[in-house]
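Please treat every number below as a calculation from the coordinates, not as lab data. Keep in mind it's a predicted model, so treat the numbers as computed, not measured. Note that each Cβ is placed from the backbone with ideal geometry, even for glycine, and that neighbours are counted across all protein chains shown.
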Amino acid sequence: MPRVRSLVETIAFDHALRGHECQANSKHRIVKGEMRLKVRNGRSWDHYCIACAQQILSKDVARLQMMLDVAAAPGQMPFAEEVA
């Protein structure tokens, strides 16, 4: 049986080994030892501060919930462009 594919990228929380700026907002500084969200980007990682991570995750959860609602009632959505 084929495995079920995931649409969610490889993500994790870790602690910064050095200080750097958030990928989403260069005004947000991530200091050494602070928790951050890391998202796989090809062969490297993008790192986000917790404030930006919360915004990203809540937006993505809402979008996935909307997609789940569409999948539950497929006859209700006539065009795929309306979902995007």
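General observations
- Label-to-label distance, VAL61 versus ARG29, with points set 7 angstrom from Cα along the beta-carbon direction: 3.0 nm.
- Relative contact order computed over the chain (Cα-Cα under 8 Å; 6+ residues apart), in percent: 20 percent
- Estimated 222 nm signal from helices in the chain, with DSSP H stretches of n ≥ 4 weighted -39500 (n - 2.57), rounded to 500: -9500 deg cm²/dmol
- Net dipole in debye of the chain [+1 Lys, Arg Cβ; -1 Asp, Glu Cβ; about Cα centre; nearest 20]: 480 debye
- Debye intensity ratio I(q)/I(0), log10, the chain, q values 0.12, 0.24 Å⁻¹ (C-alpha model): -0.51, -1.14
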